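Before any comments, here is the structure.
The values are calculated or read from the model by the stated rules, or taken from the named source; none is laboratory data. Since the model is a prediction, treat every value here as computed from it, not as a measurement. Note: ideal-geometry Cβ built from the backbone for every residue, glycine included; neighbour counts use all protein chains shown.
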Amino acid sequence: MTALSPHSEIRKTRLRHLPNAISVARLASTPILLWLASQDLEKAFSWLLVAALASDAVDGLLARRFSWTSRIGSLFDSLADAILTLTAAYGVWVFHPYVFTDYGFVVWLLLGMWGFEHLLAFLRYGRPSSFHTGLVRVAVLFFAVFLVILFLSGFQVWLFYLVAAASLAAVLEEIAMIALLPDWTPDLRGGLVEVLRGRSVRRRGEQG
């Protein structure tokens with residue numbers, strides 16, 4: 001096997017931090033988004049939000065494709081996602097307030113459950129859960145599509161309820177995982193099924 005040159009090693013090391021750099025950029029976009037919303041600049045807010053949402057998909061894809069994952073990266077990605085979600089919700093409140101007034105029960109239920117999951121994770125692990133399960137990725141994808149269509153085209157009630165159902169399922173899964181996992185275990189792509197399978201394997205090992 002051919003050894004890498006020192007220059008190649010340095011470049012490879014730097015590239016490993018690319019997903020984290022994208023998360024930093026996503027986090028840095030949130031105060032700009034808040035300012036745009038406060039100035040009633042919906043078009044600029046919409047396009048910057050689309051870019052921020054796309055960056056979430058890109059950094060996750062790079063991390064998984066090239067195995068550039070790390071516990072710190074998972075934690076920072078979760079933090080950036082949480083702040084961007086709250087910022088997007090504020091944008092919806094400013095530019096499309098009818099979503100809150102007409103569908104307030106569903107919106108506040110989801111935000112409350114999401115906040116409750118984060119509270120449980122901080123109480124149990126001292127940090128966000130950062131499970132990044134498959135179900136969470138599906139819910140995030142639906143949410144991103146909903147936001148893009150909402151800001152660039154208009155409100156679609158069927159998509160809103162699809163996002164609500166996926167998000168509720170994802171947060172309930174994460175709450176169950178927090179209850180079952182005593183230690184912080186990020187990036188559990190298989191979700192609750194993976195946790196239950198692991199518990200079953202350990203139980204059989206203890207019995208054997």
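Restricting to the stretch 152-175, name every residue that is closer than 17 Å to Leu53 by Cβ, of a type in the set (Ser, Thr, Tyr) and touching a helix residue (DSSP H, G or I) at 6+ places or on another chain (Cβ under 9 Å).
From the stretch 152-175, those closer than 17 Å to Leu53 by Cβ are 152-153, 156, 159-160, 162-163, 166-167, 170; that's our starting set.
With the extra rule that they be of a type in the set (Ser, Thr, Tyr), the set shrinks to 153, 167.
Listed by number, the list holds a single entry, Ser167.
The set of residues in the stretch 114-151 being assigned to a loop (DSSP other than H, G, I, E, B) and either touching a helix residue (DSSP H, G or I) at 6+ places or on another chain (Cβ under 8 Å) or assigned by TED's automatic domain parsing to the domain that holds Thr87 (or both) consists of Arg127, Pro128, Ser129, Ser130, Phe131, His132, Thr133. Of the helices (runs of 4 or more DSSP H) contained entirely in the stretch 36-111, those carrying at least 3 residues that are farther than 24 Å from Ala166 by Cα fall at 42-65, 71-95.
Listed conditions (1) modelled with pLDDT under 95; (2) under 20 Å from Ala57 (Cβ atoms); (3) surrounded by fewer than 20 Cβ atoms within 10 Å (Cβ to Cβ) are all met by Leu159, apart from (1).
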